[in-house]
Amino acid sequence: MTSADPSPTTAARLPAFTVLMPLWRRDLPDRLELALRTATLEQQHRPDLLILTVDGPLPAVLEAVVDRVEQAEFGPALVLRHDDHRGVAAALQDGLESSPHDLVARADADDICRPERFALQIPRMDEEGLDLLGSSMREFSDQVPPGTGPLRTRPLQHEQIVRYLPHHSPFHHPTVVLRRSVALAVGGYRDLALLEDYWLWERMMLGGARMGNLPQVLVDYRVDEELFARRGGWRLFASDVRLQRRMLLDRVVTPGGFLRNIVLRATYRFVPGWARRLGYRRFVERSETGPATA
């Protein structure tokens with residue numbers, strides 16, 4: 001038992017929680033199995049339930065893994081299915097509404113949760129009455145082994161997060177544990193391409209959520225060659241404009257901040273992918289508050 005592993009007595013007192021993972025046809029079976037295993041069986045503090053939301057038809061190789069989930073190979077599980085591909089926001093909202101537990105931990109179908117993740121996050125949520133808690137993470141890929149890639153951090157304390165939120169998303173979505181009742185009270189996940197999580201954080205903040213980030217790296221985040229290429233173009237810039245207008249109306253950003261954010265996001269969305277990657281690393285990741293440990 002490590003220092004991060006709760007004792008049996010402590011674990012018995014911790015609130016039950018759900019792991020929520022969306023899945024669609026472009027995910028890969030070997031990556032999905034690794035993500036499932038590290039988010040459940042390999043955790044020092046295992047979830048009480050896994051909800052896997054299947055967003056549209058799947059190829060047979062993925063259906064085979066889903067069958068194993070339904071057979072409880074990865075622990076107690078609920079599989080939700082959409083007949084058609086509706087998008088990640090709809091998949092996450094269905095899972096959030098279906099969770100019997102108030103604490104819901106996000107996990108993606110191609111990332112790796114470190115074994116101590118929930119042993120650190122669930123007690124912190126409980127002890128401090130937090131509604132939203134993330135952590136640092138490290139990038140990895142087929143060429144860069146887990147634990148060796150670039151570090152991604154975020155501000156640690158509630159006040160720092162509130163100051164940071166008007167400029168960038170203050171949480172790494174795959175690392176988050178959130179309080180279901182608070183998220184649903186402000187509308188939960190709503191469709192907004194690539195920004196459904198940022199919009200939810202903004203509304204949770206306005207709803208009075210207590211927020212934090214842990215400095216530890218608790219998730220290894222898979223990055224492929226197309227990641228930054230997919231983050232450009234008019235569709236995503238339209239999402240930026242929509243969210244920034246909402247934040248202006250909510251008085252989260254000032255008129256000057258709104259104009260600054262629009263100019264920066266236009267630049268980010270329309271430069272080549274390699275420049276987008278460089279800009280993110282230089283101007284976003286280096287502007288974080290608080291140290292992180294690997």
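Before moving on, here are some points about what is shown:
- Total formal charge among the other residues, if their Cβ is under 14 angstrom from that of PRO57, Lys/Arg +1 and Asp/Glu -1: -1
- Exposed-loop-free span, longest in the chain, where GluC sites (Glu not before Pro) count as exposed if DSSP calls them loop and at most 12 other C-beta atoms lie within 10 Å: 1-224
- Under the Debye formula (equal points on every Cα, no solvent term), log10 I(q)/I(0) of the chain at q = 0.12 Å⁻¹: -0.77
- Normalised per residue, the accessible area of the chain is 45 Å², obtained with a 1.4 Å probe and no contribution from ligands, DNA or RNA.
The values are calculated or read from the model by the stated rules, or taken from the named source; none is laboratory data. Since this is a predicted model, take the numbers as computed values, not measurements. Note that we place each Cβ from the backbone using ideal geometry, even for glycine, and neighbour counts take in every protein chain shown. Keep in mind that these areas ignore ligands, DNA and RNA; they rest on the heavy atoms of the full protein, side chains included. Shrake-Rupley method; radii C 1.70, N 1.55, O 1.52, S 1.80 Å.
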